[in-house]
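In what follows, a structure is listed as C-alpha cells, so that the remarks can point back to it.
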Amino acid sequence: TSNKTGSHFYKWEVEYMYWSPDGIENVVMGINGQFPGPTIRARAGDIVHVQLTNKLHTEGVVIHWHGIRQKGTPWADGTASISQCVINPGETFDYRFTVDRAGTYFYHGHYGMQRSAGLYGSMIVDVAKGEKEPFHYDDEFELLLSDWWHKSVHHQEVGLSSRPMRWINEPQALLINGRGQYGCSLAAHYGSSSLGPCNITGHEQWAPYILHVDPNKTYRIRIASTTALASLNLAIGNHTMMVVEADGNYLQPFETNDLDIYSGESYSVLLKTSQDSSQNYWISFGVRGRESQTPQALTILNYKTNSASKLPLSPPPVTPRWDDYAHSKAFSNKIKALGHKSIPKPPPTYHRRIVLLNTQNEMNGYTKWSINNVSLSLPATPYLGSIRFGLRGAFDQTKPPEDFPGHYDIMKPPVNRNTTTGNGVYMLGYYSTVDVILQNANALKENVSEIHPWHLHGHDFWVLGYGEGKFTKSDEKKFNLKNPPYRNTAVIFPYGWTALRFVADNPGVWAFHCHIEPHLHLGMGVVFAEGVQHIAKIPKEALSCGLTGKRFMTGSHLG
Ligand SMILES: O=C1O[C@H]([C@@H](O)CO)C(O)=C1O
C-alpha cells in the first residue's frame, strides 16, 4: 500500500448564467458553466487546489469548503470578513488545502446570500490508498439538496433588510442535484396532488436526476443539504436505509425508514436493492419544521430491469407532519459515533462554557436574529488579519456575552424586543476544551420557536445531548460522553437546548452560525478565534482590503 499524497487542480470561473433549475428560466450562480458547480473528488490526505476567478461583473465572491477543517490553512476557509477579503470581479484567489478525512462534503458561497443564488457543489473524499471504509458497498450516488426561490437573492436581501422586514417565505421548489419541478408533479398520476404531470423528455436542466440501480446490490447514497431554509426528510418507497456516516464521521449503523437532514449536514446511507426488481420506487424529500406548501422533491430509484419512465406502483412516501418534532428528536437521538480510530473521544470535562441564547429581535424596526442579544454584523477587515496583526480598531474589542440573564423566559416572546449589533470575538484558549450550550427560545410571535441548524467552521464538535426547555447545570448528568456523534452541524429544536463540546486546537478565526441563509444574514452567528499568533504566513491576497490592506501599503501616498 502506498500513502502517496495526490493533488487536484481545478480552474474555476464563477459567473451568473441563465438556468432553469425547476423549469422556470432564471439566473443562477454557476461555476465553469455548470449548476451545481463541478464535483470535487479526492482521497484523504490529498491537496485540493482551486484557482477561483471571479467573473461576476459587480460583486465579490468567496467559497467555503464545508466540513474541511483547514488545519494550517485558515485563510482558505472561504468566509468573507472572517478568513479573507472577498475576491473582486476579475481577480483570482488560490484555495489550497488538505482534505484530511474521508467523507461526504460540499462547498458553497459564504458572502451575503450567494449560497441561495446557487453557488454550491459536492465534494467527496475517499479513504486514503490502502485504507478501507468500515462498511461495504458496490457503487454510490451523490444527492446534493437545495431549495430555490424565483425572486433573486438581491430581491430577497432587500426584503430582509427593509423596515418592516419582508420575509423570503417558502421556496418555490426543492432541488436534487440542482433539479426540481415547479408547477407540475412527477407523481401527478396518483391524484394526490393538484399539480398536473410534468412534460419532460429527460434532457431538460430540470429533469430529475434518476438513480439507476442493479437488483441485489448495496449502494452508498451520499446526501448533503445546502438548503437556504428548508429542513428535509428523506424516504425511499419500500426500502429502508442503513445510516453509516454524518458530516465526514462514521456512525454506529442504524436502520431507518426516513432520515431528517438539516441545512449544513451530510449523511451516507446504505441501500440494498432487494425489492421487487420489476418495479421502480420513489425517492422523496419533504419539508419539516416549517409549515410549507412547497411540494416534495421527487426522483426515481430505477431498477435497471425496468424502463426509467415506469412509474412506481404507489404514490410517494408521505413526509412526517412538519411539526412532529418527537419524530425528529427520535431520529437525532439514534445518531451515535462509531468506535473508530478516526474519531476522537470527548474530553471528560471542559475549561469554558459558553451559553448562546438564540432570539429573534428588533432594532429600530428592523428584524434581526441575535445571540445573547447581539446580532452579528461583520466588519470590513477580515478578523484573521486584524487579530493576527493586532489591529484593534477593526472590530469590537468588548468581549461578547457568555450567557444571558437567568430570569429570561425562553417560552415567551422577548419582553425587551430591542437588540444591538456587534462583531466582538470569543477568544478561546489554544487547546482548551469549550462547551457551547445552544439555547432556543420563543421568536417574536407568540407560540413560535423555530429549528436552527448550527454549523462550526474549522472543527468538529461532539454533540453531548439535546434537551427541552432551559438548560440547567443538572442537565450535564445526561450528557453522552461515551459515543456522542462527532460532527460540524447540529440542530436546536424549538424551545430546547443542544450541548456541544470541542477542542480549540486549530489556529484561525472560525464562524459558528445558524446555517439558514436569511438567519445568518440577519445576524445569527458568532465568531471564535484561537491560536492566531501561531499562524505563520497568511497569503497577502487574503487580506488586501480594510485595515490589513492599508497596512500592506507603505507611506501615506502612492507613487
Ligand atoms: O426569520 C424569520 O422570519 C420569519 C417570521 O418570523 C417573520 O416573518 C420566519 O419564519 C423566519 O424564520
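Side notes on the structure shown:
- Residues that are open to solvent by 10 Å² or more (accessible area, probe 1.4 Å) and charged (D, E, K, R) within region 518-544 comprise K537, K540, E541, listed in sequence order.
- Among the residues making up region 429-473, those that are surrounded by fewer than 21 Cβ atoms within 10 Å (Cβ to Cβ), polar (S, T, N, Q) and away from the ligand (no atom under 16 Å from the Cβ) are S432, T433, T472.
- Selection count where residues are over 20 Å from the mean Cα position of the chain (by Cα) and within 25 Å of A80 (Cβ to Cβ), scope region 492-505: 2
- Only one of the numbered conditions (1) surrounded by fewer than 21 Cβ atoms within 10 Å (Cβ to Cβ); (2) in contact with a strand residue (DSSP E or B) (Cβ under 7 Å, 6 or more places away or on another chain); (3) on the phi < 0 side of the Ramachandran plot is not met by L186, and that is (1).
- Screening N506 with (1) on the phi < 0 side of the Ramachandran plot; (2) open to solvent by less than 10 Å² (accessible area, probe 1.4 Å); (3) in contact with a strand residue (DSSP E or B) (Cβ under 6 Å, 6 or more places away or on another chain) gives one miss only, at (3).
- Close pairs from region 296-315: first open to solvent by less than 60 Å² (accessible area, probe 1.4 Å), partner in a loop (DSSP other than H, G, I, E, B) and among the small types (G, A, S), Cβ under 7 Å, at least 6 apart: A297/G180; L298/A187; I300/A308; N302/A308; Y303/S277; N306/S278; P312/G237; S314/G237
- Residues in region 279-295 include none that are aliphatic (A, V, I, L, M), surrounded by fewer than 20 Cβ atoms within 10 Å (Cβ to Cβ) and under 21 Å from T240 (Cα atoms).
- Residue within region 485-499 that is among the β-branched types (V, I, T) and within 16 Å of the ligand (Cβ to nearest atom) present: yes
- Under the condition of being in contact with a Pro (Cβ under 7 Å, 6 or more places away or on another chain) and without any contact (Cβ under 8 Å) to a residue 24 or more places away in the chain, the residues counted in region 30-85 number 1.
- Count of residues meeting criterion [among the aromatic types (F, W, Y), more than 18 Å from A443 (Cα to Cα) and assigned to a loop (DSSP other than H, G, I, E, B)] in region 468-496: 1
Every residue, every condition in (1) within 23 Å of the chain's Cα centre (by Cα); (2) surrounded by fewer than 16 Cβ atoms within 10 Å (Cβ to Cβ), yes or no:
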residue	(1), (2)
D94	yes, yes
G109	yes, no
M113	yes, no
F141	yes, no
D147	yes, no
Q156	yes, no
M165	no, no
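- The single condition among (1) in contact with a Gly (Cβ under 8 Å, 6 or more places away or on another chain); (2) under 18 Å from A246 (Cβ atoms) that I221 does not meet is (1).
- Residue list for region 509-526, restricted to those being under 28 Å from N480 (Cβ atoms), more than 16 Å from the ligand (Cβ to nearest atom) and more than 13 Å from the chain's Cα centre (by Cα): W510, V526
- Just one of the numbered conditions (1) away from the ligand (no atom under 16 Å from the Cβ); (2) within 22 Å of the chain's Cα centre (by Cα); (3) surrounded by 14 or more Cβ atoms within 10 Å (Cβ to Cβ); (4) of a type in the set (A, V, I, L, M) is not true of I387: (2).
- Considering region 408-428, the residues that are open to solvent by 30 Å² or more (accessible area, probe 1.4 Å) and under 29 Å from D324 (Cα atoms) include one that is nearest to the ligand (Cβ to nearest atom), namely R417.
- Residue in region 320-376 that is farthest from the ligand (Cβ to nearest atom), counting only those that are in contact with an Asp or Glu (Cβ under 6 Å, 6 or more places away or on another chain) and in a loop (DSSP other than H, G, I, E, B): Y350
- Among the residues listed as S122, S146, S116, the single one being closer than 23 Å to S292 by Cβ and assigned to a strand (DSSP E or B): S146
- Test: residue in region 206-218 that is more than 27 Å from K272 (Cα to Cα) and either open to solvent by 60 Å² or more (accessible area, probe 1.4 Å) or outside any strand (DSSP E or B) (or both): yes
- Region 21-39 - residue that is among the aliphatic types (A, V, I, L, M) and within 14 Å of W149 (Cβ to Cβ) and, of those, surrounded by the fewest Cβ atoms within 10 Å (Cβ to Cβ): V27
- Tally, over region 111-134, of residues that are free of Cβ contacts under 8 Å to residues at least 60 places away in the same chain and under 18 Å from H455 (Cβ atoms): 1
- Among the residues making up region 156-199, those that are within 16 Å of the ligand (Cβ to nearest atom) and either in contact with a Ser or Thr (Cβ under 6 Å, 6 or more places away or on another chain) or not in a loop (DSSP other than H, G, I, E, B) (or both) are Q156, E157, V158, G159, L160, M165, E170, P171.
- Region 318-332, residues that are out of contact with any Gly (no Cβ under 9 Å at 6 or more places or on another chain) and open to solvent by 30 Å² or more (accessible area, probe 1.4 Å): R321, D324, A326, H327, A330
- Subset of region 68-78 [in a loop (DSSP other than H, G, I, E, B) and farther than 19 Å from S266 by Cβ]: K71, G72, T73
- Taking the criterion of being in contact with a Pro (Cβ under 6 Å, 6 or more places away or on another chain) and surrounded by fewer than 22 Cβ atoms within 10 Å (Cβ to Cβ), the residues of region 219-249 that qualify are G237, M242, V244.
The values are calculated or read from the model by the stated rules, or taken from the named source; none is laboratory data. None of the values given here were measured: they were computed from a predicted structure. FYI the Cβ positions are ideal-geometry reconstructions off the backbone, even for glycines, and counts take in every protein chain you see. Accessible surface areas use protein heavy atoms only, side chains included; no ligands, DNA or RNA. Shrake-Rupley method; radii C 1.70, N 1.55, O 1.52, S 1.80 Å.
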